[in-house]
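Here's the structure, in structure tokens; my notes come after.
The values are calculated or read from the model by the stated rules, or taken from the named source; none is laboratory data. This is a predicted model, so every value here is computed, not measured. Note that each Cβ is placed from the backbone with ideal geometry, even for glycine, and that neighbours are counted across all protein chains shown. Side chains are part of the model used for accessible areas, which takes the heavy atoms of the whole protein and leaves out ligands, DNA and RNA. Shrake-Rupley method; radii C 1.70, N 1.55, O 1.52, S 1.80 Å.
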Amino acid sequence: MASDTTDPADISDAPEADHAANAANTANTANTPNAPQSHDGARDAAQLHIPVLLNECLDMLEPAIAHSGAILIDCTLGMGGHTEGALRRFPELTVIGIDRDPEAITLASRRLAPFGERFQAVNTTYDHVDEVASEFGNDGLVDGILMDLGVSSLQLDEVERGFSYSKDAPLDMRMNPSKGVSAAQLLATATERELARILKVYGEEKFASRIARMIVERRQSAPLERTGELADLVRDAIPAPARRTGGNPAKRTFQALRIAVNDELTILEEALPRALSHLRVGGRLVVESYQSLEDRIVKTILREGSEDRTPPGLPFVPPDMRPSLRLLTRGAGRADEAELARNPRSAPVRLRGAELIEPWRNRA
């Protein structure tokens, strides 16, 4: 599920944007010494994918992974752009790539085949990062972990996956098409109250109740099965004055349904502490978020992990109250003008990172 690129028709409207990206930065590394040449079969994936803030991510990870035997887990492999960049830049690095989408695993594995055993793919959701680290790490610990959140270019560019509100397709939205409930099934079975909650919480949609009511009314006569049908319904539900600004009126509804269908925020909340608990001391976690709901979760967990919890006046710092993390960014990093010019889809990214300075302790 790496956020490699967003549908071009969606990106300007996307609610803080469901993300962006293709791969100019990867091209910048193509002449790096020791970089294997890509097989012809991997070219399509490479051309489709320009990873967002590749150099910035690798710069942040470098102190932890630029040594012999280093292991990096790419929790959101997608089409493999960040992983390829890391393997080219750090010739003694091994990367374990996680993705729930079997097609992404196939394409990325083909693209990264020239790196041989330095790359391994695992088909699962990234909240299983602890199991992956236990299998591939050194005594269950790894040196770096990268998360590039959102929906991938592969998923957006394949119209039939149903992620885009700008192209008519079946209402699916599953990142793994073989598992779980599709968006159409969710719309057909959820109560009006649950639909309103999903739209309000995950889409921050002001007209959530009105849209939910119209969905329930519509399904009494015919199910919503196409993205075009849903986009039209949302447009009709939102008052005309509110439709005049803010881009496509369906953007928040589509974001909300995608998050609900794929349980994205729950996976993120569970993955972050599991990832941190399987970093070695001195290891680093880097996360790219593309909308405020994701970034809020990342910011909260990293901030809490970096706090000294020693009570005021205590003359010493108990080990269990020491901070576990050192933050690597002041606030969130953003794409600069050069990155935006090279890759306009990087506009919504928020980049955060942390170094583990004490073994991770969950701070519930």
Exercise. What angle, in degrees between 0 and 90 and rounded to the nearest 10, separates the Cα long axis of helix 264-277 from the longest principal axis of the Cα atoms of the chain?
Worked result: 10 degrees
For this session: Please state, to two decimals, what the Cα-based radius of gyration of the stretch 137-221 comes to when divided by 2.2 N^0.38 Å (N = residues).
Result: 1.43
Exercise. Rounded to the nearest 20 Debye, what is the dipole magnitude of the stretch 42-125 about its Cα centre when Lys and Arg each give +1 and Asp and Glu each give -1 at the C-beta?
Worked result: 200 debye
For this session: Using the Cα centre as the reference, give the magnitude of the dipole from point charges on the C-beta atoms of the stretch 264-364 (Lys, Arg: +1; Asp, Glu: -1; all else neutral), rounded to the nearest 20 debye.
Result: 160 debye
For this session: Convert 10 °C to kelvin, take the viscosity as 1.306 mPa s, use the Kirkwood radius over C-alpha pairs of the stretch 172-252 as Rh, and evaluate the Stokes-Einstein diffusion coefficient in µm²/s, rounded to a whole number.
Result: 121 µm²/s
Problem set entry | Principal axis dimensions, the stretch 74-130 - Cα atoms, whole angstrom, descending | 27, 23, 17
For this session: Describe numerically, in nm with one decimal, the distance between label points set 7 Å from Cα along Cα→Cβ at LYS167 and at THR266.
Result: 3.0 nm
Exercise. Given +1 on the Cβ of Lys and Arg, -1 on the Cβ of Asp and Glu, and no further charges, what dipole in debye does the chain carry about its Cα centre, rounded to the nearest 20?
Worked result: 940 debye
For this session: Any aspartates and glutamates with Cα under 13 Å of the LYS179 Cα? List them, leaving off those in the same chain fewer than 8 positions away.
Result: ASP101, ASP263
Exercise. Counting alpha carbon pairs within less than 8 Å and at least 6 residues apart, what relative contact order, in whole percent, applies to the chain?
Worked result: 20 percent
Problem set entry | Listed residues GLY333, ALA196, ALA133: farthest to the positive end of the dipole of the chain (Cβ charges) | ALA196
For this session: On the protein heavy atoms, probe 1.4 angstrom, tell me the percent of accessible surface of the stretch 258-307 carried by carbon and sulfur.
Result: 45 percent
Problem set entry | Gyration tensor over alpha-carbon atoms, the stretch 229-364, equivalent ellipsoid semi-axes in Å | 38, 18, 14
For this session: Report, in degrees rounded to the nearest 10, the 0 to 90 angle that the Cα long axis of helix 192-203 makes with the longest principal axis of the chain.
Result: 50 degrees
Problem set entry | Among 342-355, 120-133, the order from most to least packed when residues are scored by Cβ within 10 Å on average | 342-355, 120-133
For this session: Using a 1.4 angstrom probe, figure out how much accessible area the chain has per residue, in square angstrom, rounded to the nearest whole.
Result: 41 Å²
Exercise. Mind checking Rg over Rh on the stretch 75-216, alpha carbons, Kirkwood formula for Rh?
Worked result: 1.07
For this session: Normalising by the residue count of the stretch 267-364, find the relative contact order in percent from Cα pairs under 8 Å and 6+ residues apart.
Result: 40 percent
Exercise. Mind checking the angle between helix 292-305 and the chain's longest principal axis? C-alpha axes, 0 to 90 degrees, to the nearest 10.
Worked result: 30 degrees
Seminar exercise, completed: Quick calc of log₁₀ I(q)/I(0), the chain, Debye, one scatterer on every Cα, no solvent, q values 0.09 1/Å, result -0.50
For this session: Return the tail of the calculated pair distribution for the stretch 156-195, meaning the percent of Cα-Cα pairs more than 14 Å apart.
Result: 47 percent
